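Read the structure below first, then the notes.
The values are calculated or read from the model by the stated rules, or taken from the named source; none is laboratory data. It should be emphasised that the depicted structure is a prediction, and the values quoted were computed from it without experimental measurement. Heads up, the Cβs are rebuilt from the backbone with ideal geometry, glycines too, and the neighbour counts pull from every protein chain shown.
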2 protein chains.
Amino acid sequence: MRNFDEHTITAAVLERLQGAANPRVRQISEALVRHLHGFIREIEPSFEEWRAAIEFLTEIGKKCSETRQEFILLSDTLGASMLVDAINHRLPQGATETTVLGPFFVENAPDAALGADISPGMAGEPLFVEGSVSALGGAPLPGALIDVWHSDKDGYYDVQRYEQGGATALRARLRADVAGRFWFWTIVPSFYPIPDDGPVGDMLRAQGRHPYRPAHVHFMISAPGYERLVTHVFIDGDKYLDSDAVFGVKDSLIRQLERRTAGTDVDGKVVDHDYAVLRYDFILSPISRREREARLS
Amino acid sequence: MRNFDEHTITAAVLERLQGAANPRVRQISEALVRHLHGFIREIEPSFEEWRAAIEFLTEIGKKCSETRQEFILLSDTLGASMLVDAINHRLPQGATETTVLGPFFVENAPDAALGADISPGMAGEPLFVEGSVSALGGAPLPGALIDVWHSDKDGYYDVQRYEQGGATALRARLRADVAGRFWFWTIVPSFYPIPDDGPVGDMLRAQGRHPYRPAHVHFMISAPGYERLVTHVFIDGDKYLDSDAVFGVKDSLIRQLERRTAGTDVDGKVVDHDYAVLRYDFILSPISRREREARLS
């Protein structure tokens with residue numbers, strides 16, 4: 001095969017993929033070539049624009065490190081991550097909606113007891129978080145594993161403070177009680193910018209976009225026989241709820257903070273300072289056929 | 001804007017691009033989002049496949065260095081480079097066809113006189129290259145600048161031998177004579193694999209493809225008032241002419257080597273060894289409206 005022109009080259013490349021041993025590799029490669037060529041045909045890049053695209057991707061690669069994943073930021077800011085998330089979570093009506101994992105999740109966070117304070121000694125407005133984990137239909141899920149993580153009052157995660165000697169904070173693993181309930185103390189998180197000192201930040205500026213995410217608390221909740229739930233709870237009233245840089249906000253995930261004054265009761269004790277309360281009741285769906293099949297294969 | 005699902009997120013991302021100051025940035029960003037989302041919707045990647053894509057791109061970035069451009073290899077092997085080349089060279093009938101620049105071009109190669117040997121002391125079959133540069137319609141282009149570069153008999157370019165102490169070789173800049181003619185001595189190049197010890201090599205293997213390019217000599221030819229011509233001349237009979245890993249072959253660019261025995265005459269002198277002759281007459285087209293406008297803007 002030779003003599004390709006701008007009209008015939010796509011068929012020529014597709015023909016070259018017929019020898020792929022794995023049918024899924026072939027399927028993905030074919031789709032990639034068709035959509036990539038369609039993109040090029042639509043924008044008709046100059047040679048200089050093609051070079052700029054090569055350099056943009058190369059700079060993104062250079063920015064990646066152990067603590068920074070610039071290609072995930074690219075995927076997030078182009079809405080690709082949320083689209084992949086949506087496709088993989090066609091959940092039954094009533095199940096808690098999902099959103100992106102984000103770049104600040106850490107495996108094996110420290111265990112915390114129900115009622116613990118995961119913000120020891122940190123400045124910020126005290127926050128009591130409470131809620132429950134149940135199955136679709138209402139049955140509580142005792143002992144469900146709850147990973148929680150969020151930013152501090154200035155919008156930074158602990159991992160972003162590591163280089164300045166910061167310790168693990170504002171993240172923990174809890175177990176729901178026998179009634180599927182959970183509760184803990186922390187501080188109110190802030191909105192924050194995604195890291196924007198790299199090529200993706202340059203892209204956002206060129207596109208006239210800000211890099212901010214509205215304030216939220218991340219949750220990852222697992223229980224045997226149920227789909228693992230990765231989601232956030234957003235704080236109502238945040239000015240970035242309608243323009244999240246990574247398109248993660250869903251109405252069903254927004255909750256208002258309730259403000260309580262010193263002397264009111266929570267967790268069986270009287271509290272001696274003003275505080276806020278965030279409540280969310282999570283509903284997990286049974287493992288889907290798609291996920292069951294994937295586990296068996 | 002919030003509450004996106006797999007059907008509405010594309011419109012939401014497109015709306016976010018309306019603030020781009022530069023209309024071309026907006027156009028390219030919009031097309032990128034539509035085609036990227038279309039690709040994702042078609043293949044419905046699992047979370048693990050999305051992660052694998054992020055890692056593939058990250059590995060490509062890590063492989064890039066001063067002497068290796070893995071993203072260009074990706075563009076080349078997906079046919080994207082040749083498509084961009086074709087779109088930018090909608091040439092009038094009769095002009096020499098173009099092909100990719102490739103990763104082995106070097107700016108400011110050494111000057112060589114007409115008739116020089118650009119392969120001093122190198123093993124290989126002697127090759128006499130000759131030809132002419134003229135305009136569409138037939139007028140010769142005296143003094144046209146001719147960059148030429150090619151691989152050695154084992155398929156390696158000089159830049160690939162630098163780390164082993166190799167010197168510049170098999171590359172030069174010549175000037176056409178008053179009649180637009182050029183000629184020089186070198187050795188016959190070999191087919192060769194594109195560098196395949198990185199992620200793009202892994203991709204080719206997964207797609208059941210070989211990494212080879214048929215033997216060729218690169219030419220870049222410039223003359224004032226004419227479009228710069230970037231092309232190759234391929235050697236007829238090469239076993240990879242029909243499966244070039246980067247889709248660069250066009251029939252009009254293939255030429256047969258003519259074999260001559262010792263004692264025959266070339267360049268006004270009798271040659272004392274057997275040799276091959278490669279001839280190509282290049283035809284340049286006037287600068288296009290598109291290019292003129294780009295230069296004025």
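Filtering the stretch A:66-102 to residues that are surrounded by fewer than 21 Cβ atoms within 10 Å (Cβ to Cβ), assigned by TED's automatic domain parsing to the domain that holds residue A:241 and among the acidic types (Asp, Glu) leaves only A:97. One residue stands out in the stretch A:185-214 among those that are under 26 Å from residue A:281 (Cα atoms) and within 14 Å of chain B (Cβ to nearest Cβ): the one that is nearest to the chain's Cα centre (by Cα), namely A:213.
With the structure loaded, tell me whether residue B:142 is more than 13 Å from chain A (Cβ to nearest Cβ) and surrounded by fewer than 22 Cβ atoms within 10 Å (Cβ to Cβ) or whether it fails that test. So residue B:142 fits the description; yes. Taking the conditions exactly as written (touching a strand residue (DSSP E or B) at 6+ places or on another chain (Cβ under 8 Å), more than 7 Å from chain B (Cβ to nearest Cβ), closer than 30 Å to residue A:269 by Cβ and aliphatic (A, V, I, L, M)), does residue A:109 satisfy them or not? Here the answer is yes, as residue A:109 does meet what is asked. For the structure I just gave you, tell me whether residue B:196 is under 22 Å from residue B:109 (Cα atoms) and of a type in the set (Asp, Glu). Spelling it out, it is not the case that residue B:196 is under 22 Å from residue B:109 (Cα atoms) and of a type in the set (Asp, Glu).
Of all the listed residues (A:75, A:81), the sole one being part of a helix (DSSP H, G or I), among the small types (Gly, Ala, Ser) and touching a residue at least 40 places away in the same chain (Cβ under 8 Å) is A:81. Has the stretch B:171-178 got any residue that is within 28 Å of residue B:77 (Cβ to Cβ) and not hydrophobic (A, V, I, L, M, F, W, C)? Yes, the stretch B:171-178 contains at least one residue that is within 28 Å of residue B:77 (Cβ to Cβ) and not hydrophobic (A, V, I, L, M, F, W, C). Do we find that residue A:276 is among the hydrophobic types (A, V, I, L, M, F, W, C), within 18 Å of residue A:131 (Cα to Cα) and either at pLDDT 90 or above or outside any helix (DSSP H, G or I) (or both) in this structure? Yes: the conditions hold for residue A:276.
Checked against (1) of a type outside the set (Asp, Glu); (2) surrounded by fewer than 16 Cβ atoms within 10 Å (Cβ to Cβ); (3) out of contact with any helix residue (DSSP H, G or I) (no Cβ under 9 Å at 6 or more places or on another chain), residue B:168 passes all but a single condition, namely (3).
Scan the stretch B:245-260 and give yes if some residue there is of a type in the set (Ser, Thr, Tyr), buried (at least 19 other Cβ atoms within 10 Å of the Cβ) and more than 20 Å from residue B:115 (Cβ to Cβ), otherwise no. The answer is no, given that none of the residues of the stretch B:245-260 is of a type in the set (Ser, Thr, Tyr), buried (at least 19 other Cβ atoms within 10 Å of the Cβ) and more than 20 Å from residue B:115 (Cβ to Cβ). When residues in the stretch A:1-12 are screened for being under 38 Å from the mean Cα position of the chain (by Cα) and in a loop (DSSP other than H, G, I, E, B), 0 of them pass.
Here is a yes/no grid of residues against (1) in a strand (DSSP E or B); (2) in contact (Cβ under 8 Å) with a residue 60 or more places away in the chain; (3) charged (D, E, K, R):
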{"residue": "A:147", "(1), (2), (3)": "yes, yes, yes"}
{"residue": "A:154", "(1), (2), (3)": "no, no, yes"}
{"residue": "A:161", "(1), (2), (3)": "no, no, yes"}
{"residue": "A:173", "(1), (2), (3)": "yes, yes, yes"}
{"residue": "A:179", "(1), (2), (3)": "no, no, no"}
{"residue": "A:183", "(1), (2), (3)": "yes, yes, no"}
{"residue": "A:200", "(1), (2), (3)": "no, yes, no"}
{"residue": "A:205", "(1), (2), (3)": "no, no, yes"}
{"residue": "A:210", "(1), (2), (3)": "no, no, no"}
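Within the stretch A:103-120, residues that are assigned by TED's automatic domain parsing to the domain that holds residue A:189 sit with their Cβ atoms under 7 Å from residues that are modelled with pLDDT of 90 or more and among the acidic types (Asp, Glu), at 6+ positions apart or across chains, in these pairs: A:109/A:147; A:114/A:177. Scanning the stretch B:37-85 for residues that are at negative phi, at the interface with another protein chain (Cβ under 7 Å from one of its Cβ atoms), out of contact with any Ser or Thr (no Cβ under 8 Å at 6 or more places or on another chain) and not β-branched (Val, Ile, Thr) yields B:38, B:39, B:42, B:45, B:46, B:47, B:57, B:62, B:78, B:80. Just one of the listed residues (B:268, B:225) is surrounded by fewer than 16 Cβ atoms within 10 Å (Cβ to Cβ), over 16 Å from the mean Cα position of the chain (by Cα) and closer than 21 Å to residue B:120 by Cα, and it is B:268.
Residues in the stretch A:13-30 that are among the aliphatic types (A, V, I, L, M), surrounded by fewer than 18 Cβ atoms within 10 Å (Cβ to Cβ) and either facing chain B (nearest Cβ under 7 Å) or not in a helix (DSSP H, G or I) (or both): A:21, A:25. Of all residues in the stretch A:30-77, those satisfying the criterion of being among the aromatic types (Phe, Trp, Tyr), at pLDDT 95 or above and within 22 Å of residue B:83 (Cβ to Cβ) are A:39, A:50, A:56.
From the residues in the stretch A:31-65 that are of a type outside the set (Ser, Thr, Tyr) and part of a loop (DSSP other than H, G, I, E, B), which one is surrounded by the fewest Cβ atoms within 10 Å (Cβ to Cβ)? Among residues in the stretch A:31-65 that are of a type outside the set (Ser, Thr, Tyr) and part of a loop (DSSP other than H, G, I, E, B), the one surrounded by the fewest Cβ atoms within 10 Å (Cβ to Cβ) is A:44.
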